[in-house]
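The values are calculated or read from the model by the stated rules, or taken from the named source; none is laboratory data. This is a predicted model, so every value here is computed, not measured. Glycine also receives a Cβ, built like all others from the backbone with ideal geometry; neighbour counts cover every protein chain displayed.
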Amino acid sequence: MASTDKTTRNGNSLPLVTLVCSPAVVVAVALPVVIWVTFACCLDRVVLADLFSARTFQIHLSILVLVLLAHAGASLRRRSIAGALIYGGLLLLLAQGLIWYGFRFSGVAGAGSGDQIVDYHQQERGAWAGDTRIPARVEAISIKEQPSVVFSLGEKRFTVPLHGSFNWEGYRVSPVAIESAPLMTLEKGPGEQIEALYIKMGAAPPERDFFLVKTLPHRIYIAPDGDRGLRIRIIRDKIEIVSTTVVWAEKLPYEGHYISFYRGEPWVRLAVEKKVSFFSAYAGGGMLLAGLLILLSRKRANGC
Amino acid sequence: MRRALVLTAPTLFFLLFLTMLDTDHLRFMGAALSGRDCPDADMKEIEKTVKLYNKILSDFYASGGNPSLINHMPATKQIKHEVFRDLGYVKGVEKILVYDMASITTHRIRLTGPGRAEAQFYEEWNYLYQNLDRSPKTRPIGFGRGFRYHLVKEQGRWLVQDWDPDVTVPDLSKKDFKF
């Protein structure tokens with residue numbers, strides 16, 4: 001019966017096992033990962049998160065982690081400090097990539113006076129980003145000469161100028177624009193109000209900047225029209241019902257309803273970003289460098 | 001020989017698994033690499049999907065909301081929900097909407113990610129409202145407008161996920177189909 005031992009009778013490793021344990025295998029396993037990432041970075045249309053979502057890439061990355069772990073373990077057994085530092089460093093660099101990908105978060109939130117930062121209009125988040133609600137409350141929005149926002153966070157109350165920022169548990173919150181939120185009222189018949197809402201204008205890109213009223217199927221698009229009122233377009237499925245300008249407080253009839261807009265309140269657009277720690281990258285880079293330096297100095301000492 | 005095999009095996013396996021598990025990624029990367037908006041096969045599939053979506057949409061309205069084709073409509077649950085909300089509204093005001101697509105012209109189709117696409121069309125529609133006894137309530141009205149569809153691929157099938165009126169699509173009507 002054929003032996004399944006890793007070593008031959010005289011104690012030498014089998015050629016295949018030697019090959020699998022060689023640094024060349026690490027390079028071979030890492031190569032497709034490096035090519036895949038390099039391709040994506042060169043193409044402007046590709047979002048990195050899309051690339052990492054490929055199952056093949058994830059499987060391959062897991063194999064690479066296992067190979068690096070095995071090599072780091074083998075180096076430690078051989079008491080090769082340089083090898084352990086190099087493979088350990090590479091593992092930490094990979095871990096940094098995973099940390100960044102899993103914990104990344106950036107979003108755009110909107111909040112009016114009295115609102116907490118919970119309503120994200122756009123967000124880009126990793127699987128482990130967790131709860132991204134910020135317990136800060138917008139207390140007041142000033143649109144005078146120097147626009148600013150007053151926040152409260154627990155007992156603390158502080159003012160942040162427009163384009164300034166504050167930090168909270170690894171998040172960076174920055175007011176980036178102050179927009180208007182007109183008050184919309186909807187009546188079914190004269191005086192029979194069925195809905196009243198503040199509409200955060202400019203929360204979405206213009207082509208998607210519509211709102212829906214709970215009880216009706218219409219998409220209502222509004223945009224500023226100078227100081228006198230708003231441009232309004234109402235569509236139901238693909239049919240345009242209304243496209244006109246409505247002045248403040250005017251009652252605009254459509255399909256048996258009356259819609260009106262009143263000058264409303266300001267709301268602030270906030271850019272929220274989670275700062276991912278780069279400790280793993282620094283530690284990994286340091287270990288890799290140290291390992292390479294030890295290797296280099298040994299080669300010099302051996303006269304290679 | 002064995003050494004070369006061991007060293008090239010990871011790349012070969014990577015490519016093999018990509019073609020087996022991540023076809024959408026491969027197609028998207030291929031399109032991005034070649035500078036094309038969308039591979040031909042996907043383009044045809046997306047055109048077919050949007051046409052079928054609009055055909056079933058017309059049928060829903062013409063039948064006064066008969067849901068027999070609901071499972072054939074290539075759309076996400078959210079969109080189907082929106083369509084039936086509108087159908088319910090039209091029925092509620094005792095009208096039937098007869099909706100007919102006169103023409104559809106492709107402006108641009110592009111993959112925006114693996115299994116995601118955006119498609120712009122110029123569409124011409126005719127519609128009229130009928131009473132519940134099918135007598136005409138309005139005269140036929142026609143309109144032409146650009147639309148941008150957002151599509152996702154689920155279980156190998158393109159589905160309309162959302163759509164918007166799109167003013168950036170030029171008037172591509174060749175004939176006057178409209179009333």
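Taking the conditions (1) within 14 Å of chain B (Cβ to nearest Cβ); (2) not in a loop (DSSP other than H, G, I, E, B) in turn, A:A204 satisfies each one other than (2). Can B:R134 be described as away from every other protein chain (no Cβ under 11 Å), more than 29 Å from A:P205 (Cα to Cα) and touching a residue at least 40 places away in the same chain (Cβ under 8 Å)? Here the answer is no, as B:R134 does not meet what is asked. Going through (1) free of Cβ contacts under 8 Å to residues at least 24 places away in the same chain; (2) at negative phi one by one, B:G156 falls short only on (2). B:Y122 meets the conditions (1) out of contact with any helix residue (DSSP H, G or I) (no Cβ under 9 Å at 6 or more places or on another chain); (2) facing chain A (nearest Cβ under 10 Å); (3) of a type in the set (S, T, Y) in every case but one. The failed one is (2). Of all residues assigned to the stretch B:62-72, none qualifies as being surrounded by fewer than 20 Cβ atoms within 10 Å (Cβ to Cβ) and at the interface with chain A (Cβ under 9 Å from one of its Cβ atoms).
Residue count for the stretch A:26-44 satisfying the condition of being at the interface with chain B (Cβ under 7 Å from one of its Cβ atoms) and surrounded by 18 or more Cβ atoms within 10 Å (Cβ to Cβ): 3. Every test in (1) over 19 Å from A:I294 (Cα atoms); (2) modelled with pLDDT under 90 is passed by A:R78 save one, and that test is (1). Just checking, how many residues over the stretch B:62-90 are touching a residue at least 40 places away in the same chain (Cβ under 8 Å) and either closer than 19 Å to B:F143 by Cβ or hydroxyl-bearing (S, T, Y) (or both)? Result for the stretch B:62-90: 1. Residues that are within 12 Å of chain A (Cβ to nearest Cβ) and surrounded by 16 or more Cβ atoms within 10 Å (Cβ to Cβ) do occur in the stretch B:47-55, at least one of them.
Yes/no per residue for (1) at pLDDT below 90; (2) out of contact with any His (no Cβ under 9 Å at 6 or more places or on another chain):
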| position | (1), (2) |
| --- | --- |
| A:H163 | no, yes |
| A:Y171 | no, yes |
| A:P175 | no, no |
| A:S180 | yes, yes |
| A:T185 | no, yes |
| A:G191 | yes, yes |
| A:A196 | no, yes |
| A:I199 | no, yes |
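Determine which member of the set A:L230, A:L252, A:L289 is in contact (Cβ under 8 Å) with a residue 24 or more places away in the chain and either buried (at least 16 other Cβ atoms within 10 Å of the Cβ) or among the polar types (S, T, N, Q) (or both). Step by step, each of A:L230, A:L252, A:L289 is checked, and only A:L230 is in contact (Cβ under 8 Å) with a residue 24 or more places away in the chain and either buried (at least 16 other Cβ atoms within 10 Å of the Cβ) or among the polar types (S, T, N, Q) (or both). Quick check on my filter: what residues within the stretch A:136-166 are surrounded by fewer than 16 Cβ atoms within 10 Å (Cβ to Cβ) and touching a Phe, Trp or Tyr at 6+ places or on another chain (Cβ under 7 Å)? Of everything in the stretch A:136-166, those that are surrounded by fewer than 16 Cβ atoms within 10 Å (Cβ to Cβ) and touching a Phe, Trp or Tyr at 6+ places or on another chain (Cβ under 7 Å) turn out to be A:E139, A:L153, A:F158.
Applying a threshold of 8 Å to beta carbon distances and a minimum spacing of six or more residues, or different chains, the list of pairs starting in the stretch B:91-106 at a residue that is within 12 Å of chain A (Cβ to nearest Cβ) and ending at one that is among the charged types (D, E, K, R) and in a strand (DSSP E or B) reads B:M101/B:E123; B:M101/B:E124; B:I104/B:E123; B:I104/B:E124. Criterion applied to A:E179, A:E207, A:E169 was being touching a residue at least 60 places away in the same chain (Cβ under 8 Å) and either under 20 Å from the mean Cα position of the chain (by Cα) or surrounded by 13 or more Cβ atoms within 10 Å (Cβ to Cβ) (or both), and the one residue passing it is A:E179. Within the stretch B:1-46, the residues that satisfy the criterion of being of a type in the set (S, T, N, Q) and either within 10 Å of another protein chain (Cβ to nearest Cβ) or buried (at least 16 other Cβ atoms within 10 Å of the Cβ) (or both) are B:T8, B:T11, B:T19. Can you find even one residue in the stretch A:260-272 that is surrounded by fewer than 18 Cβ atoms within 10 Å (Cβ to Cβ) and among the aromatic types (F, W, Y)? Checking the stretch A:260-272: at least one residue is surrounded by fewer than 18 Cβ atoms within 10 Å (Cβ to Cβ) and among the aromatic types (F, W, Y).
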